[in-house]
Amino acid sequence: MMDVFPPNFSSTIAWCVPCLVSLDTLQELSRKEKLTCKSIGITKRNLNNYEVEYLCDYKVVKDMEYYLVKWKGWPDSTNTWEPLQNLKCPLLLQQFFNDKRNYLSQVQKGKAVTLKENHSSLQPAIAEYIVRKAKQRIALQRWQDELNRRKNHKGMIFVENTVDLEGPPLDFYYINEYRPAPGISLVNEATFGCSCTDCFFEKCCPAEAGVLLAYNKNQQIKIPPGTPIYECNSRCQCGPDCPNRIVQKGTQYSLCIFRTSNGCGWGVKTLVKIKRMTFVMEYVGEVITSEEAERRGQLYDNKGITYLFDLDYESDEFTVDAARYGNVSHFVNHSCDPNLQVFNVFIDNLDTRLPRIALFSTRTIRAGEELTFDYQMKGSGDISSDSIDHSPAKKRVRTVCRCGAVTCRGYLN
């Protein structure tokens, strides 16, 4: 943010406009012009501080090793060659050599001959790759920090790409709950709630809705797919430790958005063991009409992407589109043999046209294992070609499935 003061402005109120330039760029400009600015962290005390941000290149001159250093908060024009003995950044040195080794291994995989390594200097292509990888690492770290600032659940979000040079998605905005499109109203306040002292043994919200309580005492789901979940809501007299408040507490597990090596783009893996039949995450996005979903679906098919999830528990009026607005579930890939199952959930909004979509584990999931769900899985538990990205009125472009499961159906839609 930057402060803008009109002429003759004497009040203590400041006008603010958003600044689209990154913090690092602002710091670079400030240092270049020798200006201090406390709001971006540049003071008289640290105006001339030099900290290694990453290493760009390497050479040997008269048996001395030198590295080209990019200084944090300084423009590229101030990069300098520094002797190895002056550098106190072992982690960055290790990353430099790891990136160099990865580049050489990738090139050699695609060629029959082995590259001859020059020990006195780096080839320009190698140096360029190392710089791009360093910039990617910084960008992904910033994105990871932003995701964790925006999320409102306990589980942490990590980001990892050891596969290619792809950076954060440019047109994706993290949200924690449904975002209604213009003209759609989401009622997020229940009109009544339970007065239970123990929701396990009294007539609680599920009983009022004519269904069973969804969870056992280990917080595992005990109802079959297709059965709706009615959790206690903001009107209920039970407290936050009520055993019928699971989905509303959000993701409890630490998850990692990672770049897949099988051509499926980004994916999500768990960093901890997940017990079977436990809540993992919600599928959230922009709530749109089915007519709008039809139009968007044609565009998404041409791009080979699938983010539309029909809210068809009792009707087919609305669809959730997680293409631009979503949470971690945006990055969960499809599998014809998934480890996550879809359930419809009702908490404060009891409109049966607008259930929340919760994903529960179907089995024990090991730490490091990728999370997947079936893109053709409906909240009713059925498998249907019109459950995600549906369009019965027009012939759709079919997207090839790459899940690799023995039971693979061949297509996502």
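The values are calculated or read from the model by the stated rules, or taken from the named source; none is laboratory data. The structure displayed is predicted, hence computed values, not measured ones. Virtual Cβ from ideal backbone geometry, glycine too; neighbours counted across all protein chains shown.
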The condition of being modelled with pLDDT of 90 or more and part of a loop (DSSP other than H, G, I, E, B) holds, among 44, 111, 88, only for 88
The lone condition residue 67 fails out of (1) under 23 Å from residue 141 (Cβ atoms); (2) without any contact (Cβ under 8 Å) to a residue 24 or more places away in the chain is (2)
Going through region 302-313 in order, the residues found to be loosely packed, with under 15 Cβ neighbours inside 10 Å and in a loop (DSSP other than H, G, I, E, B) are 304, 305
Going through region 41-65 in order, the residues found to be touching a Leu at 6+ places or on another chain (Cβ under 7 Å) and among the aromatic types (Phe, Trp, Tyr) are 54, 58
### Meets criteria (surrounded by 14 or more Cβ atoms within 10 Å (Cβ to Cβ), of a type in the set (Val, Ile, Thr) and either modelled with pLDDT of 80 or more or in contact with a strand residue (DSSP E or B) (Cβ under 6 Å, 6 or more places away or on another chain) (or both)) for residue 352
yes
Just one listed residue, out of 197, 251, 227, is over 22 Å from residue 377 (Cβ atoms) and either of a type in the set (Ser, Thr, Tyr) or at pLDDT 95 or above (or both), and it is 197
